[in-house]
Amino acid sequence: MAFRFYILLIFLGFSVYLSQAQDAVIPSIEHPKDSIVDGENLLPPIEAVADSTNIKKLEDHELAASFDEKWFQELYSNNLFDSIYKTVSELDYKEVDYPELPTDTLKARLEALNARTPFNVEYNPSLESVIKSYLKHRRDLIQRLLKLSDFYFPMFERELDNSNIPLEIKYLAIVESALKPRAKSRVGATGLWQFMFSTGKMYGLDVSSYVDERSDPIKSTKAATKYLEKLYEIFGDWDLALAAYNSGPGNVSKAIRRSGGYKNYWNIRHNLPRETAGYLPAFLANMYIFEYAEEHGFHKTKPEFRLVETDTVLVKSMITLDQVSEITGTPVEQLQFLNPSYKLDIIPVIKGENYYLRLPREAVGTFVNNEEKIYAFVKEEFEKREKPLPQFFNANDRVRYKVRSGDYLGKIARQYGVRVSQIKSWNGLRSNNLRIGQRLTIYPRKPYTQSVASTTTKKTSITKPISGDVIIYTVKSGDSLWSISQKFSGVSIQNIKDWNGISGSKLKPGMKLKISKG
């Protein structure tokens with residue numbers, strides 16, 4: 001309970017940290033004015049609120065909350081992917097002045113590293129340039145990657161060890177995706193290991209309207225090990241296998257031909273595509289820095305949770321992450337991080353397929369112990385919806401959205417499957433503040449379900465009279481309407497809403513609720 005309360009408090013300002021998706025191709029548009037009548041602002045601004053569906057702002061220790069906020073920025077933002085891609089594609093190998101790492105010291109460490117790995121980690125001036133450039137100019141990036149690695153590396157190492165593949169391959173995911181499971185390149189490669197659609201299918205990764213297993217950390221890692229095994233079988237050299245992983249076996253074969261038959265990566269590098277030419281140096285540089293992180297002043301900080309602090313549940317009926325959040329009290333953003341392969345935040349049930357929900361361990365017991373009630377609640381919710389399944393938009397369609405009372409950028413971004421930073425860019429917004437009646441231009445990038453409230457006039461909730469004896473229940477941290485309804489026999493979520501005039505599902509600790517005893 002204390003953990004959930006602690007986690008709930010970290011999302012204030014979350015939308016500020018959402019980064020612009022790196023591969024979106026957006027047509028040129030004219031930015032609309034941020035006004036409503038003749039350029040005059042007649043209505044008060046709507047203050048930006050936290051990007052969350054079920055959480056209201058609660059009081060917290062300011063310093064501790066700022067630490068949490070920084071960690072969740074690492075979990076959900078994709079700016080690391082943009083940054084790592086840029087460092088790989090724009091390497092220039094110029095000499096870097098970095099006296100903190102003498103060349104002799106670097107040579108000795110690379111020699112020691114070379115002795116314990118099957119990769120060719122011998123010293124050369126180009127590798128020295130990349131390592132020193134990263135240490136001098138990319139320290140913040142590396143520190144953030146170190147934080148994320150505490151979550152992902154254990155699962156990578158387990159799968160690599162099972163396939164008898166060098167454990168150092170885990171550093172490949174840093175170069176490929178900056179440890180971002182939903183990272184997507186300009187050419188469509190997706191996930192931690194950046195599989196193209198066809199290659200992912202070839203190695204058993206399902207891609208459908210609901211699920212993209214290229215973004216599943218464990219399944220995609222298993223597929224990557226199979227692919228790397230095959231490449232090593234072809235080339236017989238791990239350096240060339242990595243180059244082929246990035247650019248395709250054909251490009252490596254052509255580079256070997258153009259170099260006159262050389263098979264050493266460093267001798268064929270100038271004949272490889274520009275990005276691949278910087279690929280292995282970036283991989284080796286990250287390997288060195290991670291292996292000698294302490295010597296260079298980096299420190300590992302414990303993430304909010306580790307892989308061993310989570311567990312999975314086989315889903316038996318279609319369920320949304322929003323519903324799971326409501327039931328278990330787990331923030332929906334945390335569920336999205338733990339379940340990145342569900343593109344619409346919906347876990348489907350399909351014959352012949354097994355889909356799992358990953359939860360923090362403290363929420364697993366609650367879910368498993370109440371499965372029958374949970375699925376009954378979910379079924380009832382789906383049946384009440386006007387449009388229970390997502391309605392698809394053409395990604396090229398432009399939507400003109402009129403801001404209503406209660407709107408904020410995070411809420412609107414979630415509806416259309418885009419990022420806050422994209423909405424701001426498309427509309428020339430410099431802050432997160434919106435005004436009622438303001439018109440926003442949006443280019444939807446994925447399906448979404450339009451809520452009834454968006455097409456109908458919002459109805460005022462009416463408190464219905466309670467029959468029988470009444471008790472007063474005080475809402476505690478972590479409570480939800482569903483969890484409270486389970487405490488009282490014969491009481492439903494709708495009962496609680498009707499008796500207390502509640503229109504949504506948000507509760508605040510300390511709130512007093514009237515409950516009928518029967």
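The values are calculated or read from the model by the stated rules, or taken from the named source; none is laboratory data. Quantities reported herein were computed from a predicted structural model and do not represent experimental measurements. Backbone-built Cβ (ideal geometry, glycine too); neighbour counts: all protein chains shown. Calculation scope for accessible area: heavy atoms of the full protein, side chains included, ligands and nucleic acids excluded. Shrake-Rupley method; radii C 1.70, N 1.55, O 1.52, S 1.80 Å.
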Open item on the list: Taking R0 as 35 Å, what FRET efficiency do you get between Asn264 and Met155 from their Cβ-Cβ distance, rounded to the nearest 0.05?
Closed with: 0.60
Task: Cα-derived Rg over Rh, computed across region 147-243 with Rh taken as Kirkwood radius - done: 0.94
TODO: Kindly provide log₁₀ I(q)/I(0) values, in the same order as q = 0.13, 0.20 Å⁻¹, from the Debye equation applied to equal alpha-carbon scatterers of region 91-189.
DONE: -0.60, -1.23
Open item on the list: Set the bar at 27 Å for Cα to Cα. Now go through Lys132/Lys180; Lys373/Lys402; Lys184/Lys373; Lys201/Lys379; Lys136/Lys180; Lys373/Lys506 and name every pair that lies beyond it.
Closed with: Lys373/Lys402; Lys184/Lys373; Lys201/Lys379
TODO: Be a star and scan region 181-220 for residues whose amide nitrogen sits under 11 Å from the point 7 Å along the Cα-to-Cβ vector of Thr312.
DONE: 216-220
- [ ] Using only the alpha carbons, work out the radius of gyration and Dmax of region 195-325 in angstrom.
- [x] 19.4, 60
Task: Alpha-carbon spread of region 260-320, three principal axes, descending order, Å - done: 58, 38, 17
Task: Per-residue SASA entry for Tyr356, accessible area with 1.4 Å probe, Å² rounded to 10 - done: 100 Å²
Task: Ranked order, Glu168, Glu122, Glu333, Glu362 - accessible area, probe 1.4 Å, largest first - done: Glu122, Glu362, Glu168, Glu333
Open item on the list: Is there a quick way to get the dipole size of region 144-259? I mean about its Cα centre, with the Cβ of Lys and Arg at +1 and of Asp and Glu at -1; what is the value in debye to the nearest 20?
Closed with: 520 debye
Task: Net charge of Cβ neighbours under 10 Å - reference Glu128; Lys, Arg +1; Asp, Glu -1 - done: +1
TODO: Please give the FRET efficiency for Gln143 paired with Ala112, using the beta carbon to beta carbon distance and R0 = 22 Å, rounded to the nearest 0.05.
DONE: 0.40
- [ ] Enter the accessible area of Thr301 (Å², nearest 10), with the probe set to 1.4 Å and all protein chains included.
- [x] 50 Å²
TODO: Can you bin region 103-160 into rounded, prolate or oblate? Criterion: square roots of the alpha carbon gyration tensor eigenvalues sorted a ≥ b ≥ c, rounded for a/c under 1.5, prolate for a/b above b/c, oblate for the rest.
DONE: oblate
Open item on the list: What does the net charge come to around Tyr232 if you take all other residues with beta carbon closer than 14 Å to its beta carbon, with K and R at +1 and D and E at -1?
Closed with: -2
TODO: First select every other residue whose beta carbon is under 11 angstrom from the beta carbon of Ala241; then total the charges, Lys and Arg +1, Asp and Glu -1.
DONE: -3
